[in-house]
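The next block holds one structure in the form of structure tokens; read it before the comments.
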Amino acid sequence: MNTLFLQSDIADPYALYAEMRAGQPVVFDERNGIWAVYTHAMCKRVLENGTAHIPPLAAASLMNTASQTLTAHFARLANPPRHAEMRDAVMRLLACMKKVDAGELLVPLLGESGECDWVGAVCKKLPALAVMQSFGFSDADIDRVLPLMGPLTKLMLPHKTEAEAVAMNAAADVILALADEHLARHFPALAETEARRSMHACNLVGLLVQSVDAGRGILSNALLQAARLRAVKDWHGLVVETLRFDPPIHNTRRILTEPLELGEHLLPEGATVLVVLASANRDAEFFEDAGKFNMDRSNNAAHLTFGAGMHSCAAHRFATGLAVDALRALFHRRVELRQEEIACEPMVNARLPKEIRLRYSS
């Protein structure tokens, strides 16, 4: 049993997830040395268990000082007891963000009419752009940072090539310095001491990093659902149901610091657990008629796409609102999907369309 596969290599991972929920909801993958968990109840139990920690990043030797500083302070990567302090830093940052209408940002990205690759023109740019604008970064700083976000996201990879590390480290140097300077100048309450400024600057960069793939995926997958439905009245409902039905992030990992009993299995201390979020979101034991896209289902918001427990996504409202605003603005125009087959990136943990060709007009 190989629980790890590239999303680009499988047309319908949900069929596999359904098979696993029915027959092996908890399974040990000997090939990869990892336990995989597929039901909503069991995935949520792992996520909410305080002894299930975020695994350490590999290839630390390839990181320069800036990259090491960032990963040492990201709330997303922190475990108890340091996690609470890092999480508090994220919440303070979120409280400082001003409202940005993502729909208004589409005009400079798309123009009024034309044809584009929605992924390249919007999804890879809009999330980080919106985060930076919400913190009041200058246009010059935004133009400097956006091309570096791709290399910077390699921070989160468990394994990196030397070439990826070189580009990642160069991006980390630039973006961390900009974030540190910006907070010192515009948010002095977050920069009272050097240590506080560094912690907040790192987690500001963390918000940018986490916006890239997740934001791209929400915008891509929700666009596909909207194009298929043709007429949408409830954009918030569409985005929430997309997050359940076709989430961008399919799995995440934890390492157990104590044994954990799941069903008939006792997972040992030190075990790595693959929490298959996308499978949990299609669990018919939790969601009625789970294989159907239904915006009116009462518990759609109970999906696990944003996680659960101490590492649940703190910026989930921002991410959801960004997609709602952008798609509502886009579909005020006439929009035509120009592509039938959608290929995905070769990633294990995320299902992200490579390209979505659109034609749009006022």
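The values are calculated or read from the model by the stated rules, or taken from the named source; none is laboratory data. Because the structure is predicted, anything quoted here is derived from the model rather than measured. Cβ coordinates were reconstructed from backbone atoms using ideal geometry, including for glycine residues, and neighbour counts include every protein chain displayed.
Structure above, values below:
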item: Residue in region 168-190 that is of a type outside the set (Phe, Trp, Tyr), buried (at least 22 other Cβ atoms within 10 Å of the Cβ) and either within 30 Å of Asn300 (Cβ to Cβ) or touching a Pro at 6+ places or on another chain (Cβ under 7 Å) (or both) present; result: yes
item: Where Met1 falls short, out of the listed (1) surrounded by fewer than 16 Cβ atoms within 10 Å (Cβ to Cβ); (2) modelled with pLDDT under 95; (3) in contact with a helix residue (DSSP H, G or I) (Cβ under 8 Å, 6 or more places away or on another chain); result: (3)
item: Count - residues of region 1-58 that are of a type outside the set (S, T, N, Q) and either closer than 22 Å to Ala290 by Cβ or touching an Asp or Glu at 6+ places or on another chain (Cβ under 8 Å) (or both); result: 33
item: Subset of region 327-344 [out of contact with any Asp or Glu (no Cβ under 9 Å at 6 or more places or on another chain) and not in a strand (DSSP E or B)]; result: Leu327, Arg328, Leu330, Phe331, His332, Glu340, Glu341
item: Residue among Asp246, Asp213 that is surrounded by 19 or more Cβ atoms within 10 Å (Cβ to Cβ), within 27 Å of Gln339 (Cα to Cα) and at pLDDT below 95; result: Asp213
item: Meets criteria (closer than 30 Å to Leu94 by Cβ, buried (at least 21 other Cβ atoms within 10 Å of the Cβ) and either in contact with a helix residue (DSSP H, G or I) (Cβ under 7 Å, 6 or more places away or on another chain) or modelled with pLDDT of 95 or more (or both)) for Asn300; result: no
item: Tally of residues being out of contact with any Pro (no Cβ under 8 Å at 6 or more places or on another chain) and buried (at least 21 other Cβ atoms within 10 Å of the Cβ) across region 216-234; result: 3
